[in-house]
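So the structure is just underneath, and the comments pick up after that.
The values are calculated or read from the model by the stated rules, or taken from the named source; none is laboratory data. Keep in mind that this is a model prediction, so the values were computed, not measured. With ideal geometry, Cβ positions are generated from the backbone for all residues, glycine too; neighbour counts draw on all protein chains shown. Just so you know, the surface numbers come from the protein's heavy atoms only, side chains and all, with ligands and any DNA or RNA stripped out. Shrake-Rupley method; radii C 1.70, N 1.55, O 1.52, S 1.80 Å.
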Amino acid sequence: MLVAAFTWAELAQQLAAGIREGAIYAGLALAIVIIYRTTRVINFAQGEMATFTTFIAWSLMNHGLSFWTAFPVVLAIAFAGGVAIERVVLRPVENAPVLTIVIVTLGLALLLNGLMSVIWGGANRQFHGPFSTRTIDVGGVPISVQDIGIVAVSVGLVVLLALFFRFTKLGLALRAAAVNPESSRLVGIRVGWMLALGWGIAAVLGAVAGMMIAPVVFLDPNMMQTILLYAFAAAVLGGLDSPIGAVVGGILLGVTITLLGRYVGFIGSTLKLPAALMLILVLLLVRPGGLFGRVAVRRV
Amino acid sequence: MILELHNVEARYGPVKALHGISLRVGEGELVAVLGANGAGKTTTLRAVSGTVRRSGDVVFAGKKLSRRPEATARAGIAHVPEGRGTFSELSVWENLRLGGYTRRGNVKHEARRVFEFFPQLESRLDQQAGTLSGGEQQMLALGRAMMARPKLLLLDEPSLGLAPIVVTVIFEALEHMKGGDGMSVLVVEQNASLALAHATRAYVLEVGKVVVEGTGDELRTNESVRRSYLGY
Ligand SMILES: Nc1ncnc2c1ncn2[C@@H]1O[C@H](COP(=O)(O)OP(=O)(O)OP(=O)(O)O)[C@@H](O)[C@H]1O
Ligand SMILES: [Mg+2]
């Protein structure tokens, strides 16, 4: 059977689930794009960084903190960790070839993964999220409170970030440092710290994505690995250089693969990732710069 | 003296571009740097702002000047580099705001001062800087520097590619800033007669060395300067 039985209510439910998936991809994709824009580094450790901070949240909650008490603490730790990683791990290889930097972020991913296994063990852990899994009726469609909460938190964070980048002096300085480091130094911006700040923000985005998705899946050191692939796909879909692109790309991807997985029989849950990558391949053939990116034109 | 260079050398990799430059800029002075292409004028400005590796002493407002560009900017030096250094992806307003990055005061108030000289900018605040005309970009570059209220302004060929009327506006703005704010200017100019008309003093460079120095009037009447740089 190619097409499963269809009802509008179920379509709406699937859409909601897709948007929830997409919100997670969007957050992580945005983290990838922010780091890429400020440092031209593809951060392969983004997933592990997110999982690591989620484990910290788990430990805090295990020691009796409520989710919402642990939440800001974890964000602060994530931010400091992101800044520290840029300063300590990335700074020494700042001017190294791209391949070297790729290896460094891959190494960082392996290191963090190993650390998590040592500290928290490799077993699945139940992570109790802040939202209940019961469903409420939204215009005749039952949608889980958890899905709504995840989307609300993710979207809220994206909006906050957008406001920060658009309306604050620091946000402006960060954008300036990303597009033109030389001129930024000439107006007195400490470019090095801006790059570190970019990593800090990316780590916070990852931490939020991790704490949001952990209650849906299980918490283990590899939790983010598949999700990171989707996030990369979403970032590329959006154009890799465009924060809006990352968010739109994430949501689109989440919805598309959820619908494909549900309604196109042979894709199911096993072929979702290949299907997503196929879609992106096709899109990139049509629009090499992604949905929102600009293509670097090379004249010969 | 606001700025003193003692025997400053600078190099690009193995290539030495400055072979021991000494020069001074007094408070409220406009000092011009002249010389043929490749003489090291741009490099002299870059040595001050720290955008090229240098050795030798640079003293700014009585203190040894840092070699890091962000630190020189914070010390009160605004450098409008060759090629203007505007943020072409950002809007005109964002460029101006970045110009005042090191200052705490009211940006809008500072910006009004810029618009008095360059009213064209005010009507284009939301335009992407990269899409401005060449003259407008030069105005923006200067406006951005004004936003910082620098003690010393380093200007690299402000008249390059501009209509004479715009050049006049720009030099008027300079005169005003150094009169009103006690700002000093170190300006590199190909247009020597223009530079000497406004400069209190000037230096002529040749292959990374100062070969002539003097007041604007002295240089205007100097035979060899006239023949090589003024062309009459
Ligand atoms: N980035 C660079 N790498 C290598 N050499 C450089 C670099 N920039 C300048 N030079 C060399 O340093 C010397 C001085 O250059 P500089 O740009 O200071 O000259 P200039 O006096 O400003 O010339 P122009 O009037 O053409 O702008 C030149 O010989 C130039 O080739
Ligand atoms: Mg030059």
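Applying the Karplus relation 6.51 cos²θ - 1.76 cosθ + 1.60 with θ = phi - 60° to region B:126-140 yields 3J(HN,Hα) values of 8, 6, 5, 4, x, 9, 6, 6, x, x, 5, 5, 5, 4, 5 Hz, where x marks Gly and Pro. The spacing between region A:11-46 and region B:60-128, judged by their C-alpha centroids, is 35 Å.
Given only helices, namely DSSP H runs of n ≥ 4 each adding -39500 (n - 2.57), what is the per-residue ellipticity at 222 nm of chain A, to the nearest 500 deg cm²/dmol? Don't skip to the answer; put the middle values down first.
Numbers: 11 runs with 204 residues, N = 300.
About -23000 deg cm²/dmol.
Placing unit charges on the Cβ atoms of the charged side chains and taking the dipole of chain A about its Cα centre, the candidate lying farthest along the positive direction among A:138, A:122, A:50 is A:50.
Taking only protein heavy atoms and a 1.4 Å probe, the accessible area of region A:8-286 is 71% carbon and sulfur. Annotation for residue A:88 and residue A:102: the two label points, set 7 Å from Cα along the Cα-Cβ direction, are 2.7 nm apart. With all projection directions averaged, the alpha carbon convex hull of region B:123-232 covers 8.1 nm². With a Cα cut-off of under 21 Å and a minimum spacing of 8 residues unless on different chains, the lysine pairs in the protein assembly as shown number 9.
The Cβ shell under 10 Å around residue A:258 holds other residues with a net charge of +2, Lys and Arg each +1, Asp and Glu each -1. Excluding residue A:201 itself, calculate the net charge of residues whose Cβ lies under 15 Å from the Cβ of residue A:201, where each Lys or Arg counts +1 and each Asp or Glu counts -1. So the environment of residue A:201 carries a net charge of +3. For chain A, which longest stretch is free of loop sites, where a loop site is one of the trypsin sites (Lys or Arg not before Pro) that DSSP puts outside H, G, I, E and B and that has at most 15 other Cβ atoms within 10 Å? Result for the longest clean stretch: A:135-293. Peptide B:160-169 is shielded by partner chain Cβ atoms: per residue, an average of 0 of them sit within 10 Å of its Cβ.
Report the accessible surface area buried between chains B and A, summing both sides, using a 1.4 Å probe on protein heavy atoms only, in Å² rounded to the nearest 100. Walk me through the numbers before you get to the answer.
Numbers: alone 10890 and 14760 Å², together 23770 Å².
Counting both chains, the buried surface is close to 1900 Å².
The ratio of the alpha-carbon radius of gyration of the protein assembly as shown to the globular-protein estimate 2.2 N^0.38 Å is 1.20. Here, P(r) means the percent of Cα pairs in each 5 Å bin from 0 to the largest distance; for region A:1-158 it is 2, 7, 13, 17, 16, 14, 12, 8, 6, 3, 1, 0. With a 1.4 Å probe rolled over the protein heavy atoms of all chains, the accessible area of A:147, A:241 falls in the order A:241, A:147, largest first.
Here's how it looks for residue B:33: its modeled amide H is under 5 Å from those of B:187, B:188, B:189, B:203, which are all 5 or more places away or on a different chain.
Estimated at the nearest 10 Å², the accessible area of residue B:217 is 100 Å² with a 1.4 Å probe. If R0 equals 22 Å, the separation of the Cβ atoms of residue B:181 and residue B:63 corresponds to a calculated FRET efficiency of about 0.65.
Averaged across the residues of A:174-185, what count of C-beta atoms belonging to other chains lies within 10 Å of each residue's C-beta?
On the way: counts 0, 5, 8, 0, 1, 4, 7, 1, 5, 14, 7, 11.
Mean partner-chain Cβ count within 10 Å for A:174-185: 5.
Let me know the whole percent of all Cα-Cα pairs from chain A that are separated by more than 24 Å. The calculated P(r) of chain A puts 53 percent of pairs beyond 24 Å.
Here region B:87-149 is treated as a Stokes sphere of Kirkwood radius computed over C-alpha pairs; at 20 °C and 1.002 mPa s its diffusion coefficient rounds to 192 µm²/s.
The modelled label-to-label distance between residue A:222 and residue A:170, using points 7 Å beyond Cα along the C-beta direction, is 3.8 nm. Among residues other than residue A:16 with Cβ under 11 Å from its Cβ, the summed charge is -2 (Lys and Arg +1, Asp and Glu -1).
Amide H contacts of residue A:125: A:219, A:220, each under 5 Å away and 5 or more positions distant or on a separate chain (H built 1.01 Å from N in the peptide plane; Pro and chain starts excluded). Whole-Hz Karplus values for region A:269-285 come out as 9, 7, 9, 4, 5, x, 4, 4, 5, 4, 4, 5, 4, 4, 4, 5, 5 Hz, taken residue by residue from phi with 6.51 cos²θ - 1.76 cosθ + 1.60 and θ = phi - 60°; glycine and proline positions read x.
Relative to the compact globular guide of 2.2 N^0.38 Å, what is the alpha carbon radius of gyration of chain B, as a ratio? If you can, show how the numbers build up before the last one.
Numbers: Rg = 17.0 Å, N = 232, 2.2 N^0.38 = 17.4 Å.
Expressed relative to 2.2 N^0.38 Å, the Cα Rg reads 0.97.
Can you give the translational diffusion coefficient of region B:1-122 in µm²/s, computed by Stokes-Einstein from the Kirkwood radius over Cα pairs at 4 °C and 1.567 mPa s? Before the final figure, lay out the partial values.
Numbers: Rh = 16.1 Å.
Translational diffusion coefficient: 80 µm²/s.
With θ taken as phi - 60° and the Karplus curve 6.51 cos²θ - 1.76 cosθ + 1.60 applied, the whole-hertz 3J(HN,Hα) list for region B:5-11 is 10, 10, 6, 7, 10, 8, 9 Hz, x standing for glycine and proline.
By how many nm would the segment from residue B:116 to residue B:131 lengthen if fully extended, with 0.36 nm per residue of separation less the alpha-carbon distance?
3.2 nm
Each 5 Å bin, from zero up to the one with the longest distance, holds this percent of the alpha carbon pairs of region B:11-64: 4, 16, 29, 27, 16, 6, 2, 0.
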